[in-house]
Each structure stands twice: as structure tokens, then as C-alpha cells.
């Protein structure tokens, strides 16, 4: 079995993406790693080149920022990474530049890839998510956070990145996937307050135009970490590759875990989810198969 990892990145230093940690977190599971590096306003290219691994292949790219339909440019760049993966690989492991895999899940992921390699009906593996919010001490909970997403897919060039590169589809149809007992640690919302505003502004410029863009930019100006619906304190360990960043954190955000900032409707739906373990009306860009 051969596995190729792939990711895309641009302006990693400017927007504090933990992309080095992200890549290193899956390298032990990969025989090769494709990194599509967009032309940046900082030294992102040399940052990726600094990773000491012969597995990494860098593809330089220029993003077409005119593709503003729901962040479609992110999927276009992700497909470039997919297309750079040669036919010798069985599985393709996707990781975004603000996502990290804890080493404790490596045996599970490896076992599932090996187990499913001769099951062609399994087109991908579905991971659980932890969304860190504000600092490394809190995790966002509630219905505003997606619970699962596909991060391992078969090396099938009919599979394409979908919408803004959150997931994948094959011939515009949802993939048949196996849900595995492994988590992606999403650190996209753990940045200094001013950096997160800058990052949000940049992403809104990728997604929107006109009056809708102006409305989004107003929300960025007034962004406050306390506006989250609900958080809970994180009681477990972070991946080893994240230790330096966790210890280096130099800002503070305090939350009242008892405060829940959601509508009555969402509070009822969330109560049902916690009580019965099922999320009503959940968007699923995949089909879980037995």
C-alpha cells in the first residue's frame, strides 16, 4: 500500500497557519507529500522548503482570485495537488494548512487504509473533528461546527474537490465512505485577535463581492471571540508537533462556559443531539456505508 499526502497553502506566515505542523503530522503515514504553494506576500515557499523531508514535492502556483463563487479557488488549487499525485499511490491523504492529526490516531488511520484497500466500494475515509476556538484550551461545540469530513480518498482522478475544498465528490456525486475513529484537530481559529481579523478579511475577499462583501467586512471589524455559540474546555493532549506553538501562545481569551449564545431553535436541536447522539438536519457531503 502506498499513500500520498497533499495540501495547499498561501501566505502561511502572514496569517499564522500551522502548515509545517500540519504536514509533519501526516508525513509518517505518507510515502510522498504534494504541497501546492501559492504565490505569497511572505516567505511561505521557503518555509515549506525548510521542512527536512525527501517525501515533499513542492508545486508552485498562482491563485486565480477572480474565482469568487463560494471560495471556489480553494478547490481549484486542491485539484492541482490531486492531479500531481501519480498512479502508483493507492490512497491520497488530504490535510488543510490549519489541520493537524494527533499521532495517537496514526495506527487507526493506517489500519483502516490497509483494511479498505481491497474494498473498491469504499471511496474515502471520514474523520471526526475538534474545532479549537480562541486559544488551545477551548473547543467550539454546537451546530455551527461541522462534525465530520473526508480526509482520505482513493487515488481516482474522477474524485474532485468540492465547493470551497471542504470535501470531495466523484462525478458530482457524494462519496461512499467509512467513518473511522480518528480526529482532525482544526486550529484555524487559534490566532492572535488582529491576525484572525486579517485572515477573515482575506477569506471574505475570496468568497464574496458587492454588498454581501461589505456586510461581511463589517462583521470582521466587530469580531469578538466571545461571540461564539458555546465552548468547552479541552482536557486532552495536543499533537506533539504542536507543542512549541502551544507553549508559545502569547494572548489570552477567557470564556464563560456556562454562557450559550444561540437561538431557542438551535438550543432545542442541540439538546436533542446531546440527548440522543444524532444531529437533526445535518448537512452531509458524503454517504456513510456499513
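Read-outs: derived from the displayed coordinates by stated rules, not from any lab. Since we're looking at a predicted model, the values are computed, not measured. In this analysis, Cβ positions are derived from the backbone assuming ideal geometry, glycine residues included, and neighbour counts consider all displayed protein chains.
Sort the following peptides by mean Cβ neighbour count (other Cβ atoms within 10 Å, averaged over residues), highest first: 3-10, 105-112, 244-251.
3-10, 105-112, 244-251
With both bridge residues required to lie in the chain, what share of the DSSP beta bridges run antiparallel, to the nearest 5%?
45 percent
Distance between Cα centroids, the stretch 44-86 to the stretch 141-212: provide it in whole Å.
15 Å
So how far apart, in nm, are the two label points at residue 62 and residue 84 if each is 7 Å from Cα heading toward Cβ?
Here the modelled spin labels are 1.7 nm apart.
Springs between alpha-carbon atoms under 10 Å, Gaussian network over the chain: tell me which of 128, 171, 204 tops the mean-square fluctuations.
Residue with maximal mean-square fluctuation among 128, 171, 204: 171.
Which whole-number percent is the relative contact order of the chain (Cα, under 8 Å, 6+ apart)?
Values: 509 pairs, mean separation 61.6, N = 290.
Rounded, it is 21 percent for the chain.
Determine the gain in length on full extension of the stretch residue 244-residue 280; use 0.36 nm per residue of separation and subtract their C-alpha separation, reporting nm with one decimal.
Length gained, residue 244 through residue 280: 9.1 nm.
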